[in-house]
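Single-structure report; data block below.
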Amino acid sequence: MSYVKDAFNLVKQRDPDQPEFHQAVWEVFETLEPVFELHQEYRDAHILERLTEPERIITFRVPWVDDKGRVQVNRGMRVEFNSAIGPYKGGLRFHPNVNLGIIKFLGFEQIFKNALTTRPIGGGKGGSDFNPKGKSDMEVMRFCQSFMTELFRHIGANVDVPAGDIGVGGREIGFLFGQYKRLTRKWEGVLTGKGYGWGGSLIRPEATGYGQVYFLREMLASKKQKIQGKVCTVSGSGNVVQFCVEKAISYGGKVVTMSDSSGYIFDKDGIDEEKLAWVKDLKNNRRGRIKEYASQFSGSKYHEGKRPWGEKCDVALPCATQNELEAEGAKNLVKNGCKAVCEGANMPTSPEALEILLEAGIMFGPAKAANAGGVAGSALEMSQNAAFEEWTREQVDDKLDQIMTGIHKQCSDAAAKYGDKGNLVRGANIAGFLKRVHARPAYQAALERGGPYAYA
């Protein structure tokens with residue numbers, strides 16, 4: 001058995017109840033096989049065992065009082081995965097399905113994603129099984145204050161810098177940051193995604209969605225294609241999706257779907273700026289369901305309990321949640337002539353679906369590269385905070401564009417260097433891996449031997 005498979009079996013043996021984590025680990029491990037075949041130094045240093053074991057895991061109780069005066073108890077956690085190149089960095093997720101396996105899978109992905117940004121940030125993730133949907137602002141405030149009362153002792157601007165994720169937007173970040181300041185008597189850039197008036201970036205909510213489309217643009221350009229005129233199917237309707245759609249429209253793409261956990265809408269005429277503004281109000285202010293879109297705009301249909309991958313498209317942009325694009329959806333995309341899939345969510349494509357797409361020759365932008373715009377924007381916000389500067393919207397957007405263009409080049413170059421030209425999945429994993437380990441003795445030994453790691 002190979003070293004890579006041995007290391008993976010150890011992960012499964014140690015954490016048998018964490019399937020999402022297993023999936024994330026194997027998707028990286030299998031693409032790194034050529035690297036470990038070439039270099040004994042990495043096997044001897046047990047790099048994979050060190051990468052898959054978090055440096056620190058913190059779990060804690062979060063008691064809070066609802067509007068009826070009843071005490072509620074949730075579980076909070078923070079997985080500080082890897083600090084090899086900088087402070088831990090990754091979002092907080094508030095969702096009922098949050099458990100340690102999901103947080104570890106997200107944190108593991110974050111290691112490579114953050115490395116690809118070229119910013120000095122490590123990998124981490126956190127969250128709680130608290131569900132902010134249906135809660136009043138006061139309930140959310142009391143929960144966030146209780147959550148931060150425990151978390152504050154483990155984070156800091158040069159230690160661990162959380163951000164927002166699913167269920168954690170500007171409202172939640174505001175409550176968390178306010179409590180952090182009360183407890184520490186410090187103003188520092190310890191949370192990203194803050195409001196602009198108190199240290200936030202002018203392009204923070206937009207960063208993941210914008211970055212995804214910048215990466216898609218580079219993918220298509222490598223095949224001498226453009227976004228203009230492409231029919232795009234998109235899943236989700238939250239923050240990432242809203243700005244992914246906004247940027248795709250600006251490049252001339254025709255977006256025909258959006259979704260939420262109940263189903264999806266199909267608009268044959270395409271979602272324009274006016275319709276998108278209505279969706280933003282629906283989701284951000286009224287906190288409604290996407291099915292209301294079909295009643296508001298003629299020519300659109302709502303499909304209950306389904307995902308949009310059966311619709312004919314040129315580009316698919318899965319932006320909702322993990323494993324939402326399964327084998328059947330991938331077969332439909334191939335059958336309907338899809339040319340590119342670019343991930344906006346974390347690990348939204350199942351292993352079976354990924355295999356189908358790659359075998360069909362469809363361009364594929366993996367999440368750890370394509371949705372790195374969010375953490376890149378967060379890193380830029382950290383830079384602003386550290387320098388006590390305010391950057392214009394144009395400055396931030398330009399830097400984000402440069403970062404995403406650079407990420408695509410890193411992935412493309414690494415794939416070509418290791419004999420799999422055009423495979424951005426393998427390229428992203430290898431490039432992120434090399435960045436993480438480049439300061440370690442085993443890496444230096446490989447360089448001295450004149451091996452292909454000189455690529456970095």
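FYI, it's all coordinate maths here, none of it is from the lab. These figures come from a predicted structure and were not determined experimentally. Backbone-built Cβ (ideal geometry, glycine too); neighbour counts: all protein chains shown.
Annotations for the structure displayed:
- Bridge type composition, the chain - antiparallel percent by DSSP, nearest 5: 60
- Karplus-based coupling profile of the stretch 201-211, in residue order and whole Hz: 9, 6, 10, 10, x, 7, 4, 5, x, 4, x, with θ = phi - 60° in 6.51 cos²θ - 1.76 cosθ + 1.60 and x standing for Gly or Pro.
- From the alpha carbon centroid of the stretch 420-439 to that of the stretch 345-379 is 14 Å.
- The alpha-carbon atoms of the stretch 207-370 define a convex hull whose volume equals 96 cubic angstrom per residue.
- Rounded to 5, the percent of DSSP beta bridges in the stretch 213-337 classed as antiparallel: 65
- Take 292-303, 335-346, 31-42, 238-249 and order them by the average number of nearby Cβ atoms within 10 Å per residue, most first; the result is 238-249, 335-346, 31-42, 292-303.
- Cβ-Cβ distance of LYS68 and ASN284, R₀ of 22 Å, FRET efficiency by 1/(1 + (r/R0)^6): the value works out to about 0.25.
- Gyration tensor verdict on the stretch 298-432 (Cα atoms; rounded if a/c is under 1.5, prolate if a/b is larger than b/c, oblate otherwise): oblate
- The mean of 1/r over all pairs of different alpha-carbon atoms in the stretch 61-197, once inverted, gives a Kirkwood hydrodynamic radius of 15.0 Å.
- Considering only ALA84, ALA24, GLY193, the residue lying farthest towards the positive end of the dipole of the chain is GLY193, judged by Cα position with unit charges set on Cβ.
- Ascending count of other beta-carbon atoms within 10 Å, so fewest first, for TRP64, TRP187: TRP187, TRP64
- Of the beta bridges in the stretch 56-187, as assigned by DSSP with both residues counted there, near 70 percent are antiparallel.
- For the stretch 56-187, size of Cβ-based charge dipole, Lys and Arg +1, Asp and Glu -1, in debye: 240
- Ranking of ARG75, ARG393 by count of other Cβ atoms within 10 Å, fewest first: ARG393, ARG75
- Using only side-chain charges placed at the Cβ, +1 for Lys and Arg and -1 for Asp and Glu, the dipole size of the stretch 207-370 relative to its Cα centre rounds to 280 debye.
- Charged-residue dipole, Cβ positions (Lys, Arg, Asp, Glu), the chain about Cα centre, Debye nearest 20: 600
- The stretch 154-301: C-alpha gyration tensor shape, a/c 1.5 cut-off, then a/b vs b/c: oblate
- Neighbour-count ranking [beta-carbon atoms within 10 angstrom, fewest first] of PHE60, PHE388, PHE130, PHE364: PHE388, PHE60, PHE364, PHE130
- A Förster radius of 30 Å, combined with the Cβ-Cβ distance separating ASP272 from LYS312, puts the computed FRET efficiency at roughly 0.95.
- Farthest positive-ward along the stretch 102-190 dipole, Cα basis, beta-carbon charges - from LEU106, VAL140, LEU183: LEU183
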